[in-house]
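Please treat every number below as a calculation from the coordinates, not as lab data. Model, not experiment: these values are computed from the prediction. In this analysis, Cβ positions are derived from the backbone assuming ideal geometry, glycine residues included, and neighbour counts consider all displayed protein chains.
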Amino acid sequence: MKLDEVPNYIDAVFKGMKKVVIGQDEVIKQMLTAIVVDAHAILEGYPGLAKTLSVKTLARLLDLRFSRIQNTPDLMPSDILGTYLIEDTKGTRELKFQQGPVFANIVLADEINRATPKTQSALLEAMQERQVTVGKETYKLDRPFFVLATQNPIEQEGTYPLPEAQTDRFLFKIKTEYPSFDEEMEIVEKYSEVLEEAQLKPVLKREDIADLQNLARKIPIANDLKKFALDIVTSTRKKKDLIEYGASPRASIGLILAAKGRALIEGRKHVSREDIVKMAFPVLRHRIVLSFEAERNNITPDDVIKILTK
Amino acid sequence: MKVIENALGEVRKMLVLSKVFITMIDGVLVFLVAFLLFLLIKIPWYLSVIPFVIYILVYGRKRILGIRYTQVERVVPELNEKLRTAADNVGKDNEVVEALNKEVLMDMKKIRTSLFFGSKSNMKKLGCMGVLAFMVILVASFDVEIFDFVTLGKSRLDDENFLPTQKNIGVFIDEGDDDIYGDESIIEYGNDEILIGLNTVEGNRDLSQRKELEKKNFASSYQEEKEIYATSDSSFSENIAKENQEVVKKYFNQITQG
């Protein structure tokens with residue numbers, strides 16, 4: 001893929017997404033950015049806000065192997081990673097590894113906070129190392145490998161919230177918001193009248209995604225903007241009145257990379273200040289722990305990030 | 001890559017020139033203000049070069065060191081963030097940077113020198129310069145002054161250090177002594193020059209209000225010399241002829257009778 005062709009491909013993905021998902025433009029953009037920068041993302045939002053639908057639709061537009069893990073409290077790590085089965089071939093019995101759903105290019109980990117910490121950590125290890133170790137054997141995961149997880153913020157019973165250290169594996173925490181009145185009207189019209197699923201064709205092949213990932217890393221950034229991004233991240237460690245624990249240098253790398261990815265998606269050949277500000281929210285909101293004082297005053301991580309990006 | 005480097009160099013050169021131009025305009029303004037002020041307080045005009053030179057050195061340096069590509073981006077919005085990104089990534093060589101450089105080169109065509117030199121503030125400054133120059137001409141032609149700084153300073157010095165004393169004029173005239181004719185020392189003037197200074201600030205004498213001379217009768221205890229004779233100064237070492245002695249005697253007799 002050439003640089004000039006990028007906007008056409010991105011446009012085609014957006015058009016495909018729009019056939020199914022009404023509104024949620026920022027969510028789509030951030031999901032696509034995660035793909036472009038080869039990172040995992042977690043989508044958080046109330047039920048019925050098209051989290052799962054968005055991931056499924058994106059997976060259909062990418063010519064990649066897709067799998068879905070529906071997380072429940074009784075889900076075992078072997079249900080995700082795979083297990084050894086005894087296979088009887090020509091009279092001899094041997095153990096054969098049966099790959100789990102994690103052996104795919106796009107993994108939708110639905111309601112990840114419903115799985116037990118043991119199962120969560122099995123998935124998170126695969127996300128970090130991009131390999132799976134079962135018994136004595138280590139299996140490399142196919143590239144590209146993305147985990148797009150979803151979680152529901154309101155249901156607390158029977159859930160195991162991901163610890164901060166584990167959410168750090170996700171580059172983005174994408175928030176799905178309620179649609180506007182007009183968007184909801186369109187949703188109602190679309191899904192109360194038509195029964196058939198929208199016809200979608202894969203737009204991006206494996207090689208295209210690899211090209212996009214290469215191009216994203218080549219997007220240049222001005223020194224003062226780089227400094228601006230680092231200032232935002234490092235200020236999370238200094239603002240003790242609002243933040244108890246700030247973001248790590250991984251967040252700095254993530255923010256710069258995310259800004260580059262967004263610039264590519266927006267069809268620009270350079271990172272802008274707006275890219276950094278926009279991407280600071282999904283990159284930092286799960287990496288900062290608010291102080292008691294901030295929580296007492298009903299201040300959200302997004303409010304704090306808004307202050308930091310000013 | 002060479003092309004973008006050259007283009008960035010050109011932009012930088014233009015920025016330096018514009019900063020020098022602005023500093024010069026501001027410097028001339030400073031000069032004119034100082035010139036006008038110095039004229040009004042009677043300080044030699046050429047001293048107004050000092051604030052001009054100081055301004056040029058301090059602010060010129062500050063402005064040139066403070067040159068950033070964002071200054072170009074502000075006047076050419078198409079180059080916003082692109083120009084500094086291209087400048088910061090000159091050493092990098094990949095297809096995205098190359099494409100960005102091409103885009104920047106295209107947008108650089110929109111940079112006009114007039115955007116930097118013909119700004120509103122510069123026009124206002126030029127207007128101010130005109131007004132100040134006109135005021136300088138007016139003040140100089142009508143010799144307007146707020147106060148004479150130099151004379152004031154000089155008279156203060158005179159008051160403190162150069163009061164006429166008995167030593168430098170030979171005679172000390174005490175203002176409190178009304179009857180000077182009774183003092184014998186009046187005839188011993190000596191050869192020193194008498195320095196008479198009028199203190200225009202502290203005194204209440206007005207030279208423009210001169211009055212006619214009044215005839216005054218002095219009761220004097222002065223004893224006239226009985227015999228009048230003329231002598232030459234010791235430095236001439238010559239004797240005055242007898243006939244000339246007569247002329248002098250006759251002259252004195254005539255004027256003392258009148």
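Using the Cα gyration tensor of the protein assembly as shown, with a ≥ b ≥ c the square roots of its eigenvalues, what is the shape: rounded (a/c below 1.5), prolate (a/b larger than b/c) or oblate (neither)? Write down the numbers at each step before the final one.
Details: a/c = 4.63, a/b = 3.81, b/c = 1.22.
Prolate, since a/c reaches 1.5 and a/b exceeds b/c.
Output the relative contact order of the range A:219-310, whole-number percent, from Cα pairs under 8 angstrom with separation of 6+ residues.
Across the range A:219-310, relative contact order equals 34 percent.
Placing unit charges on the Cβ atoms of the charged side chains and taking the dipole of chain A about its Cα centre, the candidate lying farthest along the positive direction among A:294, A:85, A:257 is A:257.
For the range B:98-143, the set of chymotrypsin sites (Phe, Trp or Tyr not before Pro) satisfying both a DSSP loop assignment and a count of at most 15 other C-beta atoms within 10 Å is given as B:142.
Relative to the longest principal axis of the Cα atoms of chain A, helix A:181-193 runs at roughly 20 degrees.
Which ordering of B:110, A:310 is given by a fewest-first count of other beta-carbon atoms within 10 Å?
Numbers: B:110 12, A:310 7.
Neighbour counts put them in this order, fewest first: A:310, B:110.
Between residue B:131 and residue B:78, the C-beta separation translates, for a Förster distance of 41 Å, into a calculated FRET efficiency of about 0.65. Between beta-carbons, use under 12 Å as the cut-off and find the net charge around residue A:261, counting Lys and Arg +1, Asp and Glu -1. Result for the neighbourhood of residue A:261: +4. Here is how the number arises for chain A: DSSP H runs of 4 or more residues each give -39500 (n - 2.57), the sum is divided by the residue count, and the result at 222 nm is -14000 deg cm²/dmol.
For the range A:18-96 and the range A:208-243, compute the distance between their C-alpha centroids and round to whole Å. After rounding, the separation between the Cα centres reads 27 Å. This ranking places A:110, A:4 by how few other beta-carbon atoms lie within 10 Å of each, fewest first, which gives A:4, A:110.
Helix A:249-265 and the long axis of chain A differ in direction by around 90°, with both axes built from C-alpha atoms. DSSP loop (so not H, G, I, E, B), at most 10 other Cβ within 10 Å: list which GluC sites (Glu not before Pro) in the range A:101-177 pass both filters. Sparse-neighbourhood loop GluC sites (Glu not before Pro): A:157.
Other residues within the sphere of radius under 10 Å centred on the Cβ of residue A:275, judged by their own Cβ, net out at +2 (K and R +1, D and E -1). Which shape class, rounded, prolate or oblate, goes with chain A when its Cα gyration tensor gives a ≥ b ≥ c as root eigenvalues, a/c under 1.5 marks rounded, and past that a/b bigger than b/c marks prolate? It comes out rounded by the Cα gyration axes.
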